[in-house]
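The values are calculated or read from the model by the stated rules, or taken from the named source; none is laboratory data. Keep in mind that what you see is a predicted model, and the values were worked out from it rather than measured. Cβ sites come from the backbone with ideal geometry, for glycine too, and all protein chains shown count toward neighbours. Heads up: the accessible areas ignore ligands, DNA and RNA and are worked out on the full protein's heavy atoms, side chains in. Shrake-Rupley method; radii C 1.70, N 1.55, O 1.52, S 1.80 Å.
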Amino acid sequence: QVQLVESGGGLVQAGGSLRLSCTASGITFSVASIAWYRQGPGKQRELVARIYSSATTDYADSVKGRFTISRDNAKNTVYLQMNSLKPEDTAVYYCNVVKYDRNYWGQGTQVIVSS
């Protein structure tokens with residue numbers, strides 16, 4: 001059974017930083033691509049960043065240069081370091097993995113950036 005557990009969200013002022021964590025089970029973590037998505041108030045869920053098994057990364061244009069995704073295969077955990085946060089980064093952040101063509105999601109962690 002695939003499980004993804006996110007943590008690290010919270011309330012932060014604009015310009016501040018947060019680090020999100022996503023711990024996975026039920027997958028062969030070292031070969032999995034893991035992504036972070038977010039869904040802001042009244043918005044559709046969007047891809048924020050992805051990290052492949054090779055540690056290659058992709059980012060949405062809106063977060064390039066501010067967010068960094070990384071992984072620790074020994075801990076089955078992916079991190080999202082978010083710096084220079086803006087009010088428009090306010091959203092619920094979800095961890096995602098695809099296994100056998102099925103999407104799995106965590107429960108989400110709320111990030112609120114105050115201006």
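Key figures
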read-out: Residue selected from segment 50-61 under the condition in a loop (DSSP other than H, G, I, E, B) and in contact (Cβ under 8 Å) with a residue 12 or more places away in the chain, by the criterion most open to solvent (accessible area, probe 1.4 Å); value: 52
read-out: Test result for residue 59, aromatic (Phe, Trp, Tyr) and either within 20 Å of residue 15 (Cβ to Cβ) or at pLDDT 95 or above (or both); value: yes
read-out: Residue within segment 66-81 that is within 15 Å of residue 113 (Cα to Cα) and surrounded by fewer than 14 Cβ atoms within 10 Å (Cβ to Cβ) present; value: no
read-out: Selection count where residues are charged (D, E, K, R) and in contact with a Cys (Cβ under 9 Å, 6 or more places away or on another chain), scope segment 1-51; value: 1
read-out: So residue 4, is it outside any loop (DSSP other than H, G, I, E, B) and more than 13 Å from residue 104 (Cβ to Cβ); value: no
read-out: Odd one out for residue 3 among (1) open to solvent by 40 Å² or more (accessible area, probe 1.4 Å); (2) over 16 Å from residue 99 (Cα atoms); value: (2)
read-out: The lone exception for residue 40 - which of (1) without any contact (Cβ under 8 Å) to a residue 24 or more places away in the chain; (2) touching a helix residue (DSSP H, G or I) at 6+ places or on another chain (Cβ under 8 Å); (3) farther than 18 Å from residue 2 by Cα it fails; value: (1)
read-out: Qualifying residue in segment 69-89 (condition: without any contact (Cβ under 8 Å) to a residue 24 or more places away in the chain, on the phi > 0 side of the Ramachandran plot and over 11 Å from the mean Cα position of the chain (by Cα)); value: no
read-out: Count of residues meeting criterion [open to solvent by less than 40 Å² (accessible area, probe 1.4 Å), closer than 12 Å to residue 76 by Cα and not hydrophobic (A, V, I, L, M, F, W, C)] in segment 14-32; value: 2
read-out: Some residue of segment 88-103 being closer than 16 Å to residue 18 by Cβ, open to solvent by 40 Å² or more (accessible area, probe 1.4 Å) and in contact with a strand residue (DSSP E or B) (Cβ under 9 Å, 6 or more places away or on another chain); value: yes
